[in-house]
Amino acid sequence: MEMPLIETKNLKKYFKTGRGTLHAVDNVNFQIFKGQTLGVVGESGCGKSTLGRVMIRLLDATEGQVLFEGKNIMDYNKYQMNELRKEMQIIFQDPYASLNPRMSVSEIIAEPLKVCKVITNKKELEERVFDLMKTVGLAERLVNAYPHELDGGRRQRIGVARALALNPKFIVCDEPVSALDVSIQAQILNLMMDLQEQFGLTYMFITHDLSVVKHISTEIAVMYLGQCVEKAPADELFANPVHPYTKALLSAIPIPSLKYRNMQNILSGEVTSPIDPKPGCRFAARCPNAKPECTGCNLELKEISPNHFVSCVKYM
Amino acid sequence: MSVGTGTQAAAAPMQKYKKRSQIAQIWGRFKKNKMAMGGLILFGIMLIVAITAPLFIDYEVDVIQQTISERFQSPSAAHWFGTDQFGRDIFSRVFWGARISMFVGVVVVVISLIIGSILGAASGFFGGWLDNVIMRFMDILLAIPGTMLAITIVAALGGGIQNLLLALSIEQIPKMTRIVRSSVLTLKTQDYIEAARACGTTNARIIYRHILPNAIGPILVQASLTVARTIISVASMSFIGLGINPPEPEWGAMLSEAKAQLMNYPYLVVAPGLAIILTVTSLTLIGDGLRDALDPKMKN
């Protein structure tokens, strides 16, 4: 079998807080193959962003492994890590906060190249910056502009150009379009898909917007309170959702029709606290089909049909 | 827009597009603020006077030589601001006094800026026990009223300009440290810092390339206000006799000497008093103007 580009094994990230241990990412396992996109969806605070940061080791994992091309990067030392950073980059959610307001467009895009000493020749560096700007569709005349002078879409293009500067293989996209308005979202998404085709990039696409994720993903993982509750190829997940949380999420996609208004499956109740969660299904408190056996049992992802995994008592 | 829309030549020369430095933009915004420009011009004049005073004022003859026959003369063509109880020309003394006030103000700011920035940046950036140790120590210093602290230090070590510099710097360091620390704390959680980490940027480069340029705004504003505050502190210390020793013409000391004659010769306090007010006001105006001009999000 082909080796996945990046793979997590029992990945855990806990934060110590005053009230206990916060389980931000709890036992997450998945694989992403070269050229594919894994969409990660879930509501705010379910650990999607933390997962993305642990994957490229901006945060260290509490337990578990991240294998990049088969090697566990959690064991890498500082120097190995610096080499590896060229292979994995990140695009941020807020294009206003992710660009240094004191640096011009060219300085921002050139920074990774300077830091990693990939290009030291000034003229080549300049050429590379113009090249990247062209790749992401930024007009050359903006080369000396400052981020605050540009609109959200252009800013996000700068973010994409910076991530591409080092020719990475894997990019974590942390809600790259949720801060943009809808017409710009489509532009950026198309740009990212074009780039994926052009450079054979592999994405982990974090979002809470299901219509976006359907558009771009090959596979989708649904997260709830730090755990992956369902994972399936994109079409399969939309056609045949199994986990009650996935069903609720899908039914929350607005349908532009008057007839289907009342078909929404609205969840009641609060999200359980991610601090020291009890064993068993973490969704049980809000699940419409919760049964007594949902609490206290040990849940694992189970393959119910080819490549469709779900973690629910019903299928244990 | 899709990839590869450009049909132009691969890489246009950089020179085609004018590079606009942020300093030029900041200056452009500062220039538009009339109050701030007024402050800058006033302070500029004061600074030039302070630097060039020795060219047209003879310290031995004009500033400290006592001429009893000429005491308590009202302002006239010969003595623009009059003469004091020892017959010294107040005009020369006030102008020479600018040298002392400016010198102390600038030196104290430089010392507190350097030490405060290092302590504040380390404390904010690295956090943890280092932050705790540094900031608790600063809290101790801040808990003592500034003037009290300065008086205590000067009283313990004796008067003179060196001890005064030391005392006033110790008073200002905790304030500077707090300002730098709080800016660093807000900046270090920004996404662009994380983006820098994602390509393996070292801590040192993150601090000087990403954090300091963004923290410079509040730091500069604080610095200009600190000069103003220090000039007042020097004057107050000298006023109560713990600052600059006579016969050096310090503004506060001049006020102190004049207060005994205030009922008979009120013009004695006008010149040194005005000098203090104008310098401090000009610095405050500059500080306010800088605060607005340094925000990169401000429209031109």
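The table below gives the values:
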| read-out | value |
| --- | --- |
| Single condition A:Ser49 does not satisfy, out of (1) outside any helix (DSSP H, G or I); (2) of a type outside the set (Lys, Arg); (3) under 30 Å from A:Asn190 (Cβ atoms) | (1) |
| Residue match in region B:183-191 (condition: open to solvent by less than 60 Å² (accessible area, probe 1.4 Å), assigned to a helix (DSSP H, G or I), touching a residue at least 40 places away in the same chain (Cβ under 8 Å) and acidic (Asp, Glu)) | no |
| Pair list, Cβ under 6 Å, 6 or more apart: region A:125-153 residue within 7 Å of chain B (Cβ to nearest Cβ) and free of Cβ contacts under 8 Å to residues at least 40 places away in the same chain, other residue part of a helix (DSSP H, G or I) and open to solvent by 20 Å² or more (accessible area, probe 1.4 Å) | A:Glu126/B:Met14 |
| Qualifying positions in region B:63-102 - modelled with pLDDT of 80 or more and either loosely packed, with under 15 Cβ neighbours inside 10 Å or among the polar types (S, T, N, Q) (or both) | B:Ser92, B:Ser101 |
| Within region A:195-219, tally of residues that are part of a helix (DSSP H, G or I) and open to solvent by 50 Å² or more (accessible area, probe 1.4 Å) | 6 |
| Subset of region B:200-255 [open to solvent by less than 20 Å² (accessible area, probe 1.4 Å), in a loop (DSSP other than H, G, I, E, B) and under 25 Å from A:Leu59 (Cα atoms)] | B:Gly200, B:Thr201 |
| Single residue of region A:82-102 satisfying the filter (more than 7 Å from chain B (Cβ to nearest Cβ) and open to solvent by less than 10 Å² (accessible area, probe 1.4 Å)) that is nearest to A:Leu189 (Cα to Cα) | A:Ile91 |
| Selected residue [touching a Phe, Trp or Tyr at 6+ places or on another chain (Cβ under 9 Å) and among the polar types (S, T, N, Q)] from A:Gln89, A:Gln65, A:Gln93 | A:Gln89 |
| Residue match in region A:51-67 (condition: open to solvent by 10 Å² or more (accessible area, probe 1.4 Å), in contact (Cβ under 8 Å) with a residue 40 or more places away in the chain, more than 23 Å from A:Gln156 (Cβ to Cβ) and among the small types (Gly, Ala, Ser)) | yes |
| Among (1) at the interface with chain B (Cβ under 8 Å from one of its Cβ atoms); (2) in contact with a Ser or Thr (Cβ under 7 Å, 6 or more places away or on another chain), the one test that A:Ser106 misses | (2) |
| Close pairs (9 angstrom Cβ cut-off, 6 or more residues apart or separate chains): free of Cβ contacts under 8 Å to residues at least 12 places away in the same chain and on the phi > 0 side of the Ramachandran plot in region B:213-228, part of a helix (DSSP H, G or I) and not aliphatic (A, V, I, L, M) anywhere | none |
| Filter pass, A:Val182 being touching a helix residue (DSSP H, G or I) at 6+ places or on another chain (Cβ under 6 Å) and either at negative phi or surrounded by fewer than 20 Cβ atoms within 10 Å (Cβ to Cβ) (or both) | no |
| Failed item in (1) facing chain B (nearest Cβ under 9 Å); (2) open to solvent by less than 10 Å² (accessible area, probe 1.4 Å); (3) in contact with a Ser or Thr (Cβ under 9 Å, 6 or more places away or on another chain), with A:Ala165 passing the rest | (3) |
| Selection from region A:11-20 of residues that are in contact (Cβ under 8 Å) with a residue 12 or more places away in the chain, part of a strand (DSSP E or B) and more than 11 Å from A:Gly226 (Cβ to Cβ) | A:Thr17, A:Gly20 |
| Verdict on A:Thr120 being at pLDDT 90 or above and of a type in the set (Ser, Thr, Tyr) | no |
| When residues of region A:105-118 are limited to those that are crowded, with 21+ Cβ neighbours inside 10 Å and of a type outside the set (A, V, I, L, M), the one nearest to A:His148 (Cα to Cα) | A:Ser106 |
| Test set (1) within 21 Å of A:Glu87 (Cα to Cα); (2) at pLDDT below 90 - A:Tyr146 fails condition number | (1) |
| Residue pairs meeting the criteria (Cβ under 6 Å; at least 6 apart or on separate chains; first surrounded by fewer than 15 Cβ atoms within 10 Å (Cβ to Cβ), in region B:19-46; second assigned to a helix (DSSP H, G or I)) | B:Lys19/A:Asn144; B:Arg20/A:Asn144; B:Met35/B:Leu285 |
| Residues located in region A:95-136, provided they are of a type in the set (A, V, I, L, M, F, W, C) and in a loop (DSSP other than H, G, I, E, B) | A:Ala97, A:Leu99, A:Met103, A:Cys116, A:Val118, A:Ile119, A:Val136 |
| Filtered residue count, region B:265-283, keeping only those that are open to solvent by 50 Å² or more (accessible area, probe 1.4 Å) and in contact (Cβ under 8 Å) with a residue 40 or more places away in the chain | 4 |
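Yes or no, residue by residue, for (1) touching a helix residue (DSSP H, G or I) at 6+ places or on another chain (Cβ under 7 Å); (2) outside any helix (DSSP H, G or I); (3) within 18 Å of A:Tyr224 (Cα to Cα):
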position: A:Tyr245; (1), (2), (3): no, no, yes
position: A:Leu250; (1), (2), (3): yes, no, yes
position: A:Pro256; (1), (2), (3): no, yes, no
position: A:Thr272; (1), (2), (3): yes, yes, yes
position: A:Lys278; (1), (2), (3): no, yes, yes
position: A:Ala285; (1), (2), (3): no, no, yes
position: A:Pro288; (1), (2), (3): yes, yes, yes
position: A:Asn298; (1), (2), (3): no, yes, yes
position: A:Phe309; (1), (2), (3): no, yes, yes
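The values are calculated or read from the model by the stated rules, or taken from the named source; none is laboratory data. If you're wondering where the values come from, they're calculated on a predicted model, not measured in any experiment. Cβ: placed from backbone, ideal geometry, glycine included. Neighbour counts: every protein chain shown. Quick note on the areas: whole protein, heavy atoms, side chains included, nothing else; ligands and nucleic acids left out. Shrake-Rupley method; radii C 1.70, N 1.55, O 1.52, S 1.80 Å.
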